[in-house]
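Visitor: The structure that follows is given in the form of structure tokens.
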Amino acid sequence: MSPILFIVFLPLLAAIVAGFANKTFGATLPKVVTTGSLFIACALSWPIFISYLSGTAEPTVVPVLHWMTSGSFSADWSLRVDSLTAVMLVVVTSVSALVHLYSWGYMSEEPDQPRFFAYLSLFTFAMLMLVTADNLIQMFFGWEGVGLASYLLIGFWFRKPSANAAAIKAFVVNRVGDLGFMLGIFGTFLVFGTVSISEILAAVPNMHGSTIGFLWFRADTITVLCLLLFVGAMGKSAQLGLHTWLPDAMEGPTPVSALIHAATMVTAGVFMVCRMSPMFEASPVALGVVTFVGAATCLFAATVGLVQTDIKRVIAYSTCSQLGYMFFAAGVGAYGAAMFHLFTHAFFKALLFLGAGSVIHAMHHEQDMRYYGGLRKKIPVTFWAMMMGTLAITGVGIPAVFGNHTPMGFAGFHSKDAIIEAAFAAGSYGAFWVGVFVALLTSFYSWRVVFLTFYGKPRWAGSEHIQHAAHDAHGHDDHAHAAHGHDDHAHGHGHAGDDGTAGYHPHESPAVMLVPLVLLSVGAVLAGFVFYGFFIEADTGAAFWKGAIAFNEHLMHEMHNVPTWVKLSATFAMLGGLVTGWYAYVRNPGFPAQCAEQFHVLYKFLLNKWYFDELYNFLFVRPAFAIGRLFWKAGDEGTIDRFGPNGIARLIQFGGVGTAKLQSGYLYTYAFIMLIGLTAALTWVIAG
């Protein structure tokens, strides 16, 4: 039996066991089953990945069952395994396994752990279904599966109104994108007569010059289909316009944030564009749109991340920005670089989220960085893990311009610099300069998190805000007890005593939370350097991808020949952000407040996230409510109820009550009524 079957279906089986076991067998059995299944899946995934790295494996399709047939439409359930799938398998299973393990400690006081672990494994299964899809219908099954599971996980603490609202928002916004994805699938089947991905991509060259009618005009067929598919990617990967759900998704438990935002749901759009890359390559217009949207998202999210005070929201906007990098890399034709950044990003972003969770855990689930400071000696393992993640995301490294033939640095240095160089080599200078500027912003807000959290004077010692948060079940709590209305004193981290006057002493997280941080730190340090050649080098990259993506060997070769200043641009941007962050939050801590006051209009604009939520509320939410009220008041109550239940129906009811009283059952009553009727009839005849 093929290992891919175990990799995909073990998480599903574990989710079923954990879900049905619920609390009957306690929390241990569901945790062991779900976590064990993910580690087994991870152990089976890495050999598949390594076999493609070594060049010994060939793309295969493993049939599962005959699924659907209707007329000329047919879709079998098969698992496609190639180098692109292999990359996603190790990303999804590795991060998910470590998130499962981490959750043993983070969710230890949660009374409903079986449900949480069942949701995690269900989410992982849906993502594995998506990345192994051999046809668009199967991909859509996984696509909607991760959407459903994300709704369940974001709203896990369903007694918390803000969590419910965030879950609904994520679900609704993704439905908008999914409408475009569905139309793209419908149109693709209409044009190609199949939903098989391999058959579609093989037939793309035959569609050159063809047009299709859409929205009352005719346009290039491939362009229309690619743009519709990309709308789905925009929703799932939180690109500008359909991004508003992602920051609010922080209402879910921190392990959920790490899983959704590092390795699974948000990367689905990038994966889909890369999977369908031969189709996108046939439409320069579609590639231009992908480049523009990716670059715009990259810039937007980075600017908003500058002013966030919630540690998880900073990392969430960072995710949005890094996804923008991936998309504009795909837009300029550097699909290998896009997948390379997806690969490295999974490690350092999961590390940053889980590191932030460790900080939040130590700080009694306080998420506001303004109440941190001086924590590096209190939680040293978490500090060094966060440092590794920050060095990776900011792109610390030595470019190949100082006599060294191979660049050396942390994971993000290799993948992000490759994207920036590829944009320049492809002649997309706008995307290039956006990438360099965002590298500066990324460095600034990432080091801002480190300096505010781990350096400076402690702003938590004796803080009334921290003591209040520790006892306020409805405050900034990111713990299950916030949802269930309990105190958080069970963790015993030495917070304020019953009288609220005792000192506050953060403690390091338990080993079960620190082990995933250490392992992810290894990935954040080595993933870029070790796998650089396989993803984007012209020769080795072509041998590794083997047609799984539209690998542009010429572009990958040319990106190494860009001018020296281009290769150094991202490094100088990183240093600029580091120095600025150090000055603003270590050397002169009053500087940010001065800037916010002097540039208050810009600061407010960024603090309100470019007013997207307010704009959508004005354009869509309020009109939707107004239309709803119109149908409710004027339509339902004013028309239907007025002439229905409150009109004719009520008249008949009253008439029935009146006539029922005449049915007394006495003979003299009926005789009297007959007499009255006869008298009335005679009167009418005589009068006439």
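Visitor: Out of SER96, SER78, report the one residue that is surrounded by fewer than 21 Cβ atoms within 10 Å (Cβ to Cβ), in contact with a Pro (Cβ under 9 Å, 6 or more places away or on another chain), at pLDDT 90 or above and among the small types (Gly, Ala, Ser).
Guide: Working: SER96 fails: surrounded by fewer than 21 Cβ atoms within 10 Å (Cβ to Cβ).
Only one candidate passes the filter, namely SER78.
Visitor: Tell me the helices (runs of 4 or more DSSP H) entirely within the range 256-355 that contain at least 2 residues that are more than 23 Å from LEU441 (Cα to Cα) and under 13 Å from the mean Cα position of the chain (by Cα).
Guide: Values: elements: 268-275, 277-281, 284-305, 311-331.
Where helices (runs of 4 or more DSSP H) fall fully within the range 256-355 and carry at least 2 residues being more than 23 Å from LEU441 (Cα to Cα) and under 13 Å from the mean Cα position of the chain (by Cα), they are 268-275.
Visitor: For residues that are part of a helix (DSSP H, G or I) and either touching a Cys at 6+ places or on another chain (Cβ under 8 Å) or free of Cβ contacts under 8 Å to residues at least 60 places away in the same chain (or both), scanning just the range 523-546, find the one that is surrounded by the fewest Cβ atoms within 10 Å (Cβ to Cβ). Even if it seems obvious, please write down each step before you answer.
Guide: Within the range 523-546, the subset part of a helix (DSSP H, G or I) is 523-536, 538-545.
If we keep only those that are either touching a Cys at 6+ places or on another chain (Cβ under 8 Å) or free of Cβ contacts under 8 Å to residues at least 60 places away in the same chain (or both) too, we end up with 530, 533, 538-540, 542.
On the way: VAL530: 13, GLY533: 16, ALA538: 18, ASP539: 11, THR540: 16, ALA542: 15.
So, considering only residues that are part of a helix (DSSP H, G or I) and either touching a Cys at 6+ places or on another chain (Cβ under 8 Å) or free of Cβ contacts under 8 Å to residues at least 60 places away in the same chain (or both), the one surrounded by the fewest Cβ atoms within 10 Å (Cβ to Cβ) is ASP539.
Visitor: Pick out the one residue from ILE652, ILE549, ILE640, ILE627 that is within 30 Å of ALA86 (Cα to Cα) and either within 32 Å of the chain's Cα centre (by Cα) or free of Cβ contacts under 8 Å to residues at least 12 places away in the same chain (or both). Steps first, answer last, please.
Guide: Working: ILE652 fails: within 30 Å of ALA86 (Cα to Cα); ILE640 fails: within 30 Å of ALA86 (Cα to Cα); ILE627 fails: within 30 Å of ALA86 (Cα to Cα).
Going through ILE652, ILE549, ILE640, ILE627 in turn, just one is within 30 Å of ALA86 (Cα to Cα) and either within 32 Å of the chain's Cα centre (by Cα) or free of Cβ contacts under 8 Å to residues at least 12 places away in the same chain (or both): ILE549.
Visitor: Kindly provide the set of residues from the range 240-269 that are among the polar types (S, T, N, Q) and under 18 Å from VAL359 (Cβ atoms), ordered by number. Explain how you work it out, then say what you get.
Guide: The initial filter retains those residues of the range 240-269 that are among the polar types (S, T, N, Q), namely 244, 254, 257, 264, 267.
Scanning the range 240-269 gives THR254, SER257.
Visitor: Quick check on the range 1-30: of everything there that is among the hydroxyl-bearing types (Ser, Thr, Tyr) and under 25 Å from ASP112 (Cβ atoms), which residue is surrounded by the fewest Cβ atoms within 10 Å (Cβ to Cβ)?
Guide: First pass over the range 1-30, keeping only residues among the hydroxyl-bearing types (Ser, Thr, Tyr): 2, 24, 28.
After this cut, where a residue has to be under 25 Å from ASP112 (Cβ atoms) as well, the list is 24, 28.
On the way: THR24: 9, THR28: 11.
Here the residue is THR24.
Visitor: Hey, another quick one. Being more than 25 Å from the chain's Cα centre (by Cα) and over 18 Å from ALA330 (Cβ atoms) is the filter here; which residues of the range 409-442 pass it?
Guide: GLY409, TRP433
Visitor: What is the residue count in the range 17-56 for residues that are in contact with a helix residue (DSSP H, G or I) (Cβ under 8 Å, 6 or more places away or on another chain), aliphatic (A, V, I, L, M) and farther than 27 Å from GLY541 by Cα?
Guide: 8
Visitor: Would you say ALA418 is in a helix (DSSP H, G or I) and within 21 Å of PHE444 (Cα to Cα)?
Guide: Numbers: in a helix (DSSP H, G or I): yes; within 21 Å of PHE444 (Cα to Cα): yes.
Against the criterion (in a helix (DSSP H, G or I) and within 21 Å of PHE444 (Cα to Cα)), ALA418 qualifies.
Visitor: Just to be sure I understand, how many residues within the range 55-69 are part of a loop (DSSP other than H, G, I, E, B) and at pLDDT 90 or above?
Guide: Start the filter on the range 55-69 by keeping residues that are part of a loop (DSSP other than H, G, I, E, B), which leaves 55-59.
Narrowing the set further to residues that are at pLDDT 90 or above leaves 58-59.
Qualifying residue count for the region: 2.
Visitor: Within the range 518-549, can you find the residues that are modelled with pLDDT under 90, over 30 Å from LEU354 (Cα atoms) and among the small types (Gly, Ala, Ser)?
Guide: Within the range 518-549, ALA538, GLY541, ALA542, ALA543, GLY547 meet the criteria.
Visitor: Looking at (1) at pLDDT 90 or above; (2) surrounded by fewer than 24 Cβ atoms within 10 Å (Cβ to Cβ); (3) among the hydrophobic types (A, V, I, L, M, F, W, C), find the lone condition where TRP245 falls short.
Guide: Result: TRP245 fails condition (1) only.
Visitor: Closer than 15 Å to MET265 by Cα, hydrophobic (A, V, I, L, M, F, W, C) and at pLDDT 95 or above: is that true of PHE125 in this structure? First the steps, then the outcome.
Guide: Details: closer than 15 Å to MET265 by Cα: yes; hydrophobic (A, V, I, L, M, F, W, C): yes; at pLDDT 95 or above: yes.
Against the criterion (closer than 15 Å to MET265 by Cα, hydrophobic (A, V, I, L, M, F, W, C) and at pLDDT 95 or above), PHE125 qualifies.
Visitor: Given the residues THR93, THR69, THR60, which is the only one that is closer than 17 Å to LEU517 by Cα and hydroxyl-bearing (Ser, Thr, Tyr)? I'd like the intermediate steps shown before the answer.
Guide: Values: THR69 fails: closer than 17 Å to LEU517 by Cα; THR60 fails: closer than 17 Å to LEU517 by Cα.
THR93 is the lone residue from the list that is closer than 17 Å to LEU517 by Cα and hydroxyl-bearing (Ser, Thr, Tyr).
Visitor: Something else now. Go over the candidates PRO59, PRO63 one by one and state the one that is touching a residue at least 24 places away in the same chain (Cβ under 8 Å) and not hydrophobic (A, V, I, L, M, F, W, C).
Guide: Numbers: PRO63 fails: touching a residue at least 24 places away in the same chain (Cβ under 8 Å).
So the residue among PRO59, PRO63 that is touching a residue at least 24 places away in the same chain (Cβ under 8 Å) and not hydrophobic (A, V, I, L, M, F, W, C) is PRO59.
Visitor: Within the range 215-247, which residues are part of a helix (DSSP H, G or I) and in contact with a Cys (Cβ under 7 Å, 6 or more places away or on another chain)? Full working, then the answer.
Guide: Restricting attention to the range 215-247, the residues satisfying the condition of being part of a helix (DSSP H, G or I) are 221-236, 245-247.
Once the filter is applied, which keeps residues that are part of a helix (DSSP H, G or I) and in contact with a Cys (Cβ under 7 Å, 6 or more places away or on another chain), the range 215-247 yields only LEU246.
Visitor: Let me ask something else. Out of the helices (runs of 4 or more DSSP H) lying entirely within the range 109-195, which hold 2 or more residues that are under 20 Å from PRO253 (Cβ atoms) and without any contact (Cβ under 8 Å) to a residue 24 or more places away in the chain? Steps first, answer last, please.
Guide: Working: elements: 113-131, 136-154, 161-192.
The helices (runs of 4 or more DSSP H) meeting that bar are 136-154, 161-192.
Visitor: Please determine, by comparing only the residues of the range 135-158 that are out of contact with any Leu (no Cβ under 7 Å at 6 or more places or on another chain) and of a type in the set (Phe, Trp, Tyr), which one is nearest to ARG275 (Cα to Cα).
Guide: PHE140
Visitor: Next up: Confirm whether GLU508 is among the charged types (D, E, K, R) and outside any helix (DSSP H, G or I). Show your work before the answer.
Guide: Working: among the charged types (D, E, K, R): yes; outside any helix (DSSP H, G or I): yes.
For GLU508, the condition - among the charged types (D, E, K, R) and outside any helix (DSSP H, G or I) - is met.
Visitor: For the range 367-378, does any single residue satisfy the condition of being part of a loop (DSSP other than H, G, I, E, B), in the same structural domain as GLY235 (by TED's automatic domain parsing), in contact (Cβ under 8 Å) with a residue 60 or more places away in the chain and among the basic types (Lys, Arg)? Even if it seems obvious, please write down each step before you answer.
Guide: Taking the range 367-378 first, the residues part of a loop (DSSP other than H, G, I, E, B) are 367, 372-378.
Still in the running and in the same structural domain as GLY235 (by TED's automatic domain parsing): 367, 372-378.
Going one step further and asking which of them are in contact (Cβ under 8 Å) with a residue 60 or more places away in the chain, we end up with 367, 372-376, 378.
This time we only want the ones that are among the basic types (Lys, Arg), so: 376, 378.
Yes: one or more hits.
Here's the yes/no breakdown for (1) of a type in the set (A, V, I, L, M, F, W, C); (2) at pLDDT below 90; (3) closer than 26 Å to THR60 by Cα; (4) under 15 Å from the mean Cα position of the chain (by Cα):
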site	(1), (2), (3), (4)
MET129	yes, no, yes, no
ASN135	no, no, yes, no
GLN138	no, no, yes, no
TRP143	yes, no, yes, yes
LEU153	yes, no, no, yes
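Visitor: Continuing with the same structure: Please enumerate the residues belonging to the range 159-184 that are surrounded by fewer than 18 Cβ atoms within 10 Å (Cβ to Cβ) and either of a type in the set (Gly, Ala, Ser) or more than 18 Å from LEU148 (Cβ to Cβ) (or both).
Guide: Of everything in the range 159-184, those that are surrounded by fewer than 18 Cβ atoms within 10 Å (Cβ to Cβ) and either of a type in the set (Gly, Ala, Ser) or more than 18 Å from LEU148 (Cβ to Cβ) (or both) turn out to be ARG159, PRO161, SER162, ALA165.
The values are calculated or read from the model by the stated rules, or taken from the named source; none is laboratory data. Remember, predicted model here, so these are calculated numbers, not experimental data. FYI the Cβ positions are ideal-geometry reconstructions off the backbone, even for glycines, and counts take in every protein chain you see.
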